[in-house]
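In what follows, a single structure is set out as structure tokens and then discussed.
The values are calculated or read from the model by the stated rules, or taken from the named source; none is laboratory data. All values reported here derive from a predicted model rather than from experimental measurement. Glycine also receives a Cβ, built like all others from the backbone with ideal geometry; neighbour counts cover every protein chain displayed.
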Amino acid sequence: MADAINIENTAAENESDIQYQYIEKCREYVCSIADKTGRPLKAFSKCMGCQMNAKDSEKLIGILKLMGYEMTEEESEADFVIYNTCTVRENANLKVYGRLGMLGTLKKKNRFMKIAMCGCMMQEADVVEKIKKSYSFVDIVFGTHNIFKFAQLVYNSFNSDGMIIDIWKDTDKIVEDLPSERKYSFKSGVNIMYGCNNFCSYCIVPYVRGRERSRKPQDIINEVKQLSADGVVEIMLLGQNVNSYGKNLDEPITFAQLLREIEKIEGIKRIRFMTSHPKDLSDELILVMKESKKICRHLHLPLQSGSSRILEKMNRRYTKEDYIKLAAKIRREIPDIALTTDIIVGFPGETAEDVMETIDVVRQVRYESAFTFIYSKRTGTPAAQMENQVPENEVKENFNMLLKEVQDIAAEEMKKITGSEQEVLAEMVNEQDSSLITGRLSNNSIVHFKADKSVIGTICKVRLIECKGFYYIGELI
Ligand code: SAH
Ligand code: SF4
Ligand code: F3S
């Protein structure tokens, strides 16, 4: 095999060409092993994080397939296993170590097996140390900034016995034009920006995903046009804070302007986006959403806490009143919108009164759905250093109280449109009952309805017959 091309901690101008060369070299190797063993080599990929991680995993799978691997759902029969990890809360990390132990046993039975670890957890020095020490059978460890180098790292691993570790602290480069394998044929995530500059005091994401970088509008538009040509009807624009999209580009553009451009692309029927930080949500965005025929009637607007005192300590840069005002404005301008949110319980110093403030916001805003999390201390974040970490038993009680309020209100809100006719994107055959199709309303709610699987990927007219709390039962019209 040819020598590895050496690129140190930076992406070259023609980076994707270089990576395609590595893919080709890996393919030769994978095919030669397949010839030797008389069976195709298989790869297993697991994504443990958010939509952005899922999008990264699609790129990894795209590369693995071009290398000649067949994808499998069975980890035990895989010749290549890759975990794309998340570290936003501690329990995510613990799961990874548990699975790694099991992988070690599998690897003993398959001498061709390669194990790769990547994603946000790998950006933490103590995690990499632990893998080096306790899981020395892992072949490749890389982080979030150099995912484009995957083929090169696999190639290097095919040519060496030791563990290959390549973690970058940060990057200002965006590598375009890498292969990607979509999970669904009819919908797709599209990265519009990477990283985060907000440094909410509890959050590890800015440390493991680096500084905010926006993709150029033309690159995004070209990707969406290509997706549309491939039959995609729904796209989800992805970024940690999409409302600050475009601010640091050479030719600045707002998120709302980008949406207007994407709306013009033929074939795309639905546009979603994640996530919106309340502090940066502009009137321009509300107007664009209101006027749009394609932007879905759903806004995920993370609250985190309803107590202005805690919000300040969280470095969220809005108050309870700012948030309530914003939510009311959005509901007034776009009455059929569903508002959803994320809430953290148990932030350092949080009292029962603070939790009551959060519940008060939940009562006023009346979310259609909300994710509630117990605060998890992340080493390296400012909140981890704060005094008055809340004892676990207190958190549990407050958490349950909040969860009940959230669920009761969500069920009441969802009931309101029972009986109505809705446009539903049919997404898959129901996992429990194969006579049902599971689809999604514009407002992101789930509905199950009787239909043939040929409707998958199309937008169907469905009447909502019954609301079951989190989801609806519907019938095709
Ligand atoms: N960029 C998005 C959120 C990314 S993380 C935003 O700003 O909204 C997704 C959610 O995980 C956050 O909204 C928050 O509610 C939760 N989260 C982040 N760090 C956490 C921590 N240390 N403990 C518990 N939940 C956390
Ligand atoms: Fe984390 Fe805050 Fe950035 Fe969201 S905006 S990723 S919560 S630091
Ligand atoms: Fe997790 Fe990284 Fe996403 S920490 S939530 S996978 S950005």
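Assorted remarks:
- Screening region 273-302 for residues that are within 15 Å of ligand 1 (Cβ to nearest atom) and under 18 Å from I220 (Cβ atoms) and picking the one that is surrounded by the most Cβ atoms within 10 Å (Cβ to Cβ) gives F273.
- Against the numbered list (1) within 16 Å of ligand 3 (Cβ to nearest atom); (2) in contact with a Gly (Cβ under 7 Å, 6 or more places away or on another chain); (3) of a type outside the set (V, I, T); (4) without any contact (Cβ under 8 Å) to a residue 60 or more places away in the chain, L238 comes up short only at (4).
- Residue among E350, E368 that alone is under 25 Å from A384 (Cα atoms) and either out of contact with any His (no Cβ under 8 Å at 6 or more places or on another chain) or surrounded by 18 or more Cβ atoms within 10 Å (Cβ to Cβ) (or both): E350
- The number of residues in region 166-214 that are over 29 Å from C296 (Cβ atoms), outside any helix (DSSP H, G or I) and among the hydroxyl-bearing types (S, T, Y) comes to 2.
- Filter result for A125 (of a type in the set (A, V, I, L, M) and surrounded by fewer than 13 Cβ atoms within 10 Å (Cβ to Cβ)): yes
- Candidate set: region 76-115, residues that are assigned to a loop (DSSP other than H, G, I, E, B) and within 25 Å of the chain's Cα centre (by Cα); chosen: the one farthest from N156 (Cα to Cα): R89
- Every condition in (1) of a type outside the set (V, I, T); (2) in contact (Cβ under 8 Å) with a residue 60 or more places away in the chain; (3) not in a helix (DSSP H, G or I) holds for E251 except the one numbered (2).
- Inclusion of A54 among residues that are at pLDDT 95 or above, within 25 Å of Y29 (Cβ to Cβ) and not in a loop (DSSP other than H, G, I, E, B) is not warranted.
- Residues within region 181-214 that are hydroxyl-bearing (S, T, Y), more than 16 Å from ligand 1 (Cβ to nearest atom) and surrounded by 17 or more Cβ atoms within 10 Å (Cβ to Cβ), tallied: 1
- Checked against the criterion of being under 27 Å from L237 (Cβ atoms), in contact (Cβ under 8 Å) with a residue 40 or more places away in the chain and away from ligand 1 (no atom under 16 Å from the Cβ), the candidates S57, S45, S16 yield just one match: S16.
- Criterion violated by N156 - all others in (1) crowded, with 22+ Cβ neighbours inside 10 Å; (2) in a helix (DSSP H, G or I) satisfied: (1)
- Condition check for V233: on the phi < 0 side of the Ramachandran plot, within 16 Å of ligand 3 (Cβ to nearest atom) and not acidic (D, E): no
- Any hit, region 345-358, residues being in contact with a helix residue (DSSP H, G or I) (Cβ under 9 Å, 6 or more places away or on another chain) and in contact (Cβ under 8 Å) with a residue 60 or more places away in the chain: yes
- Out of G38, G68, sole residue that is over 20 Å from the mean Cα position of the chain (by Cα) and surrounded by fewer than 19 Cβ atoms within 10 Å (Cβ to Cβ): G38
Rundown of residues vs (1) touching a Gly at 6+ places or on another chain (Cβ under 8 Å); (2) within 11 Å of ligand 2 (Cβ to nearest atom), yes/no style:
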{"site": "D161", "(1), (2)": "no, no"}
{"site": "I165", "(1), (2)": "no, no"}
{"site": "P179", "(1), (2)": "yes, no"}
{"site": "K183", "(1), (2)": "no, no"}
{"site": "F186", "(1), (2)": "yes, no"}
{"site": "G189", "(1), (2)": "no, no"}
{"site": "Y202", "(1), (2)": "no, yes"}
{"site": "V205", "(1), (2)": "no, yes"}
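- Test: residue in region 331-340 that is more than 16 Å from ligand 3 (Cβ to nearest atom), closer than 30 Å to Q385 by Cβ and among the β-branched types (V, I, T): no
- Remark: pairs (first residue in region 182-210, under 18 Å from L237 (Cβ atoms); second residue aliphatic (A, V, I, L, M) and within 9 Å of ligand 1 (Cβ to nearest atom); Cβ separation under 6 Å; 6+ apart in sequence or on different chains) = C196/V205.
- Cβ-Cβ under 7 Å pairs, at least 6 apart or on other chains, region 464-477 side at positive phi, far side modelled with pLDDT of 95 or more and of a type in the set (G, A, S): G469/A411
- Any hit, region 215-223, residues being within 16 Å of ligand 1 (Cβ to nearest atom), free of Cβ contacts under 8 Å to residues at least 60 places away in the same chain and either surrounded by 21 or more Cβ atoms within 10 Å (Cβ to Cβ) or in a helix (DSSP H, G or I) (or both): no
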